[in-house]
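The values are calculated or read from the model by the stated rules, or taken from the named source; none is laboratory data. Given the structure is predicted, the values throughout are model-derived calculations rather than measurements. A quick note on method: Cβ atoms are made from the backbone with ideal geometry, for glycine too, and the neighbour counts reach across all protein chains shown.
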Amino acid sequence: MGSVKRLEETTQIVSNIKAAENLYFIDVHSPQIAQALRPGQFIHMQIPGMPDKILRRPFSVYKTDAEAGTLCVLYQVVGAGTEHLSTLNAGERCSLIGPIGNAWAPPAGARCLLVGGGVGAAPLFMLAQELAQAAHGVHVVLGAQTKDALVALADYEALPHTTLSAATDDGSFGYAGFCTQPAQDAIDSGEYDYVAVCGPEPLIKIVSGLAQDAGLPCEVSLERRMACGIGACLSCVVDTVEGKKRCCVDGPIFKASEVVW
Ligand SMILES: Cc1cc2nc3c(=O)[nH]c(=O)nc-3n(C[C@H](O)[C@H](O)[C@H](O)COP(=O)(O)OP(=O)(O)OC[C@H]3O[C@@H](n4cnc5c(N)ncnc54)[C@H](O)[C@@H]3O)c2cc1C
Ligand code: FES
């Protein structure tokens, strides 16, 4: 697939809703980016009203609504930028650049296992939507600290042809413990040809190790602190077997086999 031109859009916030402690869904009206975006790509958002107006924040796109021309981001409040983002209201404007980066690329016809920890559920949802349209379906494993933090669960549950497993650290829903265990069970079942994983780096590392041990191709979506988001500043480098790559334009999705952990 040819690369899609990166767009800049001044967008309007449609809603910004708290889903659980420190977790929010923000919908913005961004018809051009929503239309162009492929599963796994991200946007660079200028958060209005921030003192550092220059630095944008990168977010994966959770889902799009082509008819409404909107895109949705699932974000976690971790610092000043996301804290400020959580205070914004419908009607406020913000500038987005996107789509940025590459997209998930499962082999055609592969039986796919997707593993998302925490807000790592976000960049996998559009991939799951695409795979759910195929008759062979998809298996999704979601993990979070608590049942309340599994904020994407209902959307995943609504997908057709999708097997869903969940794990919570406190045992309040699904498997009690880390989602690495249901991921391992699924890999051991021998029913999958491809694994995609996103979430905290230790989770990514463990699951991609399990996939590699089983001889399965695995893709990982990595996060790095980003400044320019266009490949110019080298603030987002990922060490790979082919040398340093830029997470923003060479990723954020990498083959697990190429990453030097
Ligand atoms: C490609 C990509 C996709 C992302 N998708 C999402 C998403 O869908 N939902 C979501 O909640 N977050 C996502 N992030 C992370 C998000 O960009 C950061 O949490 C955000 O920029 C933090 O801004 P802040 O000003 O609130 O925090 P800061 O005050 O800048 O930092 C607070 C803490 O967050 C860490 N942090 C900051 N930026 C990043 C980053 N880029 N990656 C990892 N850790 C960071 C810092 O090390 C620090 O510990 C993504 C990051 C990348 C690179
Ligand atoms: S953020 Fe500048 S090169 Fe990636």
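Taken over segment 17-33, the criterion of being assigned to a strand (DSSP E or B), surrounded by fewer than 20 Cβ atoms within 10 Å (Cβ to Cβ) and touching a strand residue (DSSP E or B) at 6+ places or on another chain (Cβ under 6 Å) is satisfied by Ile17, Lys18, Ala19, Phe25, His29.
Condition check: hydroxyl-bearing (Ser, Thr, Tyr) and within 19 Å of the chain's Cα centre (by Cα). Does Thr87 satisfy that? When the stated conditions are applied, Thr87 does not pass them. Where residues in segment 2-20 are of a type in the set (D, E, K, R) and over 19 Å from the mean Cα position of the chain (by Cα), which of them is nearest to Ile97 (Cα to Cα)? Checked segment 2-20; the qualifying residue nearest to Ile97 (Cα to Cα) is Glu8. Count of segment 189-244 residues, restricted to those that are free of Cβ contacts under 8 Å to residues at least 12 places away in the same chain, out of contact with any Lys or Arg (no Cβ under 8 Å at 6 or more places or on another chain) and within 20 Å of Ile100 (Cβ to Cβ), is 4.
Per-residue answers, yes or no, for (1) of a type in the set (Phe, Trp, Tyr); (2) assigned by TED's automatic domain parsing to the domain that holds Tyr175; (3) closer than 27 Å to Gly190 by Cα:
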position	(1), (2), (3)
Glu67	no, no, no
Gly79	no, no, no
Gly117	no, yes, yes
Gln129	no, yes, yes
Gly143	no, yes, yes
Thr146	no, yes, no
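Inspect all residues belonging to segment 243-253 and state whether any of them is within 17 Å of Gly116 (Cα to Cα) and either touching a strand residue (DSSP E or B) at 6+ places or on another chain (Cβ under 9 Å) or not β-branched (Val, Ile, Thr) (or both). Yes, that holds for at least one residue. The single residue among Arg93, Arg56, Arg111 that is touching a residue at least 12 places away in the same chain (Cβ under 8 Å) and within 21 Å of Ile206 (Cα to Cα) turns out to be Arg111. When segment 79-124 is filtered for residues that are among the hydrophobic types (A, V, I, L, M, F, W, C), outside any strand (DSSP E or B) and crowded, with 24+ Cβ neighbours inside 10 Å, the ones remaining, listed by number, are Val119, Ala121, Ala122, Leu124. Being among the charged types (D, E, K, R), touching a strand residue (DSSP E or B) at 6+ places or on another chain (Cβ under 7 Å) and farther than 25 Å from Ile253 by Cβ is a property that Arg93 has. Scanning segment 59-78 for residues that are assigned to a loop (DSSP other than H, G, I, E, B) and near ligand 1 (Cβ under 7 Å from one of its atoms) returns Tyr62, Val77, Val78. Every listed requirement among (1) in contact (Cβ under 8 Å) with a residue 40 or more places away in the chain; (2) over 16 Å from the mean Cα position of the chain (by Cα) is met by Asp169 save one, (1). When you scan segment 183-200, do you find a residue that is surrounded by 14 or more Cβ atoms within 10 Å (Cβ to Cβ), modelled with pLDDT of 95 or more and over 23 Å from Thr163 (Cα atoms), even just one? Scanning segment 183-200, I find no residue that is surrounded by 14 or more Cβ atoms within 10 Å (Cβ to Cβ), modelled with pLDDT of 95 or more and over 23 Å from Thr163 (Cα atoms), so the answer is no.
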